[in-house]
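Working notes for the structure below.
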Amino acid sequence: MRITQTMLSNNMLRNLNSSYLKMGKLQEQLSSGSKLTKPSDDPVASVKGMGYRTTLAKNEQYTRNMNEVNSWLDTTDSTLSEVNKALQRVKDIVTQAANDTNTPEDREAMQKEVDQLRMQIRDLANTQQGNKYLFSGTATDQPLFEKTSATMNDAPPLLVDDGTGTPVLGGNDNTVDIEIYEGITFQINENGRQLFKDIDGMMQKVQKGLKGTGSDLSNLIGTVSAQTDRVLEMQAGVGAKQNRIDVMTDRLSSQKINVTKQISNNEDVEYEDAITQLITEESIHRAALSVGAKIIQPTLVDFL
């Protein structure tokens with residue numbers, strides 16, 4: 001087979017171009033820090049990278065959900081603590097009022113304080129996290145104790161009631177669930193609708209009892225204690241949920257670290273190896289240029 005000068009020149013140019021491509025790829029890897037400049041560089045690694053990034057995106061969303069859960073539970077816990085304090089004060093007042101030695105002025109002062117405590121508990125029942133009511137079930141846009149429009153003579157708004165003075169509660173008893181991990185949903189709300197309804201009914205009895213005798217109130221001490229125990233029981237449930245969320249938060253943090261490490265192992269360039277390969281390719285390229293210069297036939301100009 002006859003090897004022509006054209007064939008030698010074309011082979012030399014093809015080899016030089018291939019050398020340029022290799023050096024260019026190595027330089028791009030070194031500048032970007034990634035072994036994958038395009039999917040065709042390593043299809044298997046590219047598919048793995050897509051899977052890792054999908055997992056990482058889910059992890060970030062679950063972390064945001066977890067922050068929402070923590071805020072919801074923290075607000076619920078602090079609200080129930082305030083309700084417990086109010087009920088403790090009601091118990092103290094009922095215990096004191098059960099003594100018939102109190103004067104009418106004392107009873108009147110107790111009556112006013114109980115009235116304020118009842119309104120305070122209603123306000124706590126309408127606690128919001130952001131713009132969502134905590135104890136209204138899935139009807140998070142509705143307060144439990146809804147007020148009517150202002151009455152005549154600039155009087156304060158009244159609660160919506162059934163005509164007998166008993167408030168008509170808004171909201172519902174449904175659970176509010178949020179996904180905190182793949183396939184795992186978590187109930188972030190407490191079903192406080194019935195609890196606050198019973199507490200408000202108990203407060204109404206205390207208000208009526210203050211207008212009667214001490215014996216009328218002595219029977220309510222146990223009722224107040226029972227409602228306090230229900231609040232504490234619910235608060236304990238919130239604490240248990242917070243402990244579980246702490247564990248899940250640690251799990252998400254560990255997953256994020258592991259997935260990030262896998263992405264790094266899958267895609268990040270080893271700078272020592274890349275620099276060594278680049279130096280080697282540069283040496284090969286210089287040798288190719290030197291050989292190419294020798295195999296190209298001299299022209300007439302070189303002899304003149």
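The table that follows gives values for the structure above.
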quantity: Residue check, residue 213 hydroxyl-bearing (Ser, Thr, Tyr), open to solvent by 30 Å² or more (accessible area, probe 1.4 Å) and either more than 30 Å from residue 146 (Cα to Cα) or modelled with pLDDT of 90 or more (or both); calculated: yes
quantity: Test result for residue 102, out of contact with any Asp or Glu (no Cβ under 9 Å at 6 or more places or on another chain), open to solvent by less than 80 Å² (accessible area, probe 1.4 Å) and not in a helix (DSSP H, G or I); calculated: yes
quantity: Qualifying positions in the range 140-160 - at pLDDT 55 or above, of a type outside the set (Phe, Trp, Tyr) and either part of a strand (DSSP E or B) or at positive phi (or both); calculated: 147, 159
quantity: Scope the range 59-88; condition farther than 12 Å from residue 239 by Cα, open to solvent by 40 Å² or more (accessible area, probe 1.4 Å) and touching a helix residue (DSSP H, G or I) at 6+ places or on another chain (Cβ under 6 Å); matching residues; calculated: 63, 82
quantity: Lone unmet requirement of (1) under 30 Å from residue 270 (Cβ atoms); (2) at pLDDT 85 or above; (3) among the β-branched types (Val, Ile, Thr) for residue 63; calculated: (1)
quantity: Given (1) within 38 Å of the chain's Cα centre (by Cα); (2) among the small types (Gly, Ala, Ser); (3) surrounded by fewer than 20 Cβ atoms within 10 Å (Cβ to Cβ), index of the condition residue 136 fails; calculated: (3)
quantity: Index of the failed condition, residue 218 passing every other in (1) farther than 19 Å from residue 120 by Cα; (2) under 34 Å from the mean Cα position of the chain (by Cα); (3) hydroxyl-bearing (Ser, Thr, Tyr); calculated: (2)
quantity: Pair list, Cβ under 6 Å, 6 or more apart: the range 268-294 residue farther than 16 Å from residue 12 by Cα and at pLDDT 70 or above, other residue open to solvent by 70 Å² or more (accessible area, probe 1.4 Å) and outside any helix (DSSP H, G or I); calculated: 269/35
quantity: Where a residue in the range 104-123 is on the phi < 0 side of the Ramachandran plot and of a type outside the set (Val, Ile, Thr) and its partner, wherever it lies, is open to solvent by less than 30 Å² (accessible area, probe 1.4 Å) and outside any helix (DSSP H, G or I), with Cβ under 7 Å and at least six apart; calculated: 107/210; 110/210; 111/210; 122/145
quantity: Residue in the range 219-262 that is farthest from residue 185 (Cα to Cα), counting only those that are surrounded by fewer than 16 Cβ atoms within 10 Å (Cβ to Cβ) and among the hydroxyl-bearing types (Ser, Thr, Tyr); calculated: 225
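The values are calculated or read from the model by the stated rules, or taken from the named source; none is laboratory data. Computed from a predicted structure; not experimentally measured. We place every Cβ from the backbone using ideal geometry, glycine too, and count neighbours over all the protein chains shown. To get the accessible areas, we keep the full protein, side chains included, count just its heavy atoms, and leave off ligands, DNA and RNA. Shrake-Rupley method; radii C 1.70, N 1.55, O 1.52, S 1.80 Å.
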